[in-house]
Amino acid sequence: MRKLNFEVLTLFPGILAGPLNESILKRGREKGFLNVTIRNIRDFTEDKHKTADDRPYGGGAGMVLKPEPIFKTFGVMKAEYPGEKFLTILLSPQGSVFNQQRAEQLTEEKRRIVLLCGHYEAIDERVIRTLIDEELSVGDYVLTGGELAALVVIDAVARLLPGVLGDEESAYRDSFGDGLLDYPHYTRPAEFRGLKVPDVLLSGDHDLIKKWRRKESLKSTLIKRPGLLKTADLSGEDREVLEELKKELENGS
Ligand code: 4G3
């Protein structure tokens, strides 16, 4: 059995504790598919006030995360795993945008995945130049810290690990796997406050249902996120259906 190892370096370990100890992440850790170690950067500060940040050279507002505690945390971590390799990632708005493809790649990662969470507005550039392999962003917005972004990465990767999701949950693994948005879902009753479930889903014709769902996925993607179609995994038939859908949408039908 393979196991994915994360090391999260943070000034606020409490933000991570809750989510990692609930639901699917908890189960993934208990079953041994996922290992997450949290390290408090403040434990490696050098003064009695445990100072982790300081004012920026050159002036201006905001604080900058000091290099010493981060270098020390890395040093202690590496000493605990002699001979091991690390993939070091900084969560930051300056990173390349994390997506399903990067999540899938990370499930295959053999190295320990280090997630460095910055707090405050910035982190000393020497940390990034010397210790960091990759900067990742979970989207074009600013958070108070990298912790929520680290959780997003861990969660998106963990649910792809074989065995982490139960059988019931696994069925949903497909959606987004091919780069398309999901199709609409319905459960009982067949009519709710006058709102009917599409007939095709009650037909028992599994071939027809599959076709309908694929068309709805394509339609939803075309309307809501057309940019995704450039990189989606599309068959010849998908492309024909898309051309029909474009015509239908132009007619307003
Ligand atoms: C600036 C990640 C801010 C530099 C972190 C860390 C948003 C994201 C921070 C830095 C963050 C994101 C902390 N905000 N979009 N804030 O993934 O290294």
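Scaling against 2.2 N^0.38 Å puts the C-alpha radius of gyration of the range 193-240 at 1.37. Among Gly95, Gly163, Gly59, the largest mean-square fluctuation in a Gaussian network model of the chain, built with springs joining Cα atoms closer than 10 Å, belongs to Gly59.
Comparing Tyr57, Thr88, Asn40 along the charge dipole axis of the chain, the residue lying farthest to the positive side is Asn40, per the Cβ-charge model. In angstrom, the C-alpha Rg and Dmax of the chain are 22.9, 71. Think of each Lys and Arg Cβ as +1 and each Asp and Glu Cβ as -1; about the Cα centre, that makes the dipole of the chain roughly 420 debye. Note on Gln94/Glu244: beta-carbon distance plugged into 1/(1 + (r/R0)^6) with R0 of 41 Å gives a FRET efficiency of 0.50.
What the pair-distance distribution of the range 37-155 shows, using all Cα-Cα distances binned every 10 Å from zero, is 12, 44, 34, 9, 1 percent. Compute the projected area of the convex hull of the Cα atoms of the range 170-222, averaged over all viewing directions, and report it in nm² to one decimal place. About 4.3 nm², averaged over all directions. Straight-distance candidates among the lysines for linking to Lys215, with alpha-carbon spacing under 22 Å and chain neighbours fewer than 8 residues away dropped: Lys196, Lys224, Lys230, Lys246, Lys247.
Site pair Lys48 and Arg111 shows an inter-label distance of 4.0 nm when each label is modelled 7 Å from Cα along Cα→Cβ. Calculated mean residue ellipticity at 222 nm for the chain: -11500 deg cm²/dmol, from DSSP H runs with n ≥ 4 weighted as -39500 (n - 2.57), summed, divided by the residue count and rounded to 500.
No lab work stands behind these numbers, since they all come straight from the coordinates. In this text the structure is predicted, and so the values were computed from the model without any measurement. Every residue, glycine among them, receives a Cβ derived from its backbone with ideal geometry; neighbour counts consider all protein chains shown.
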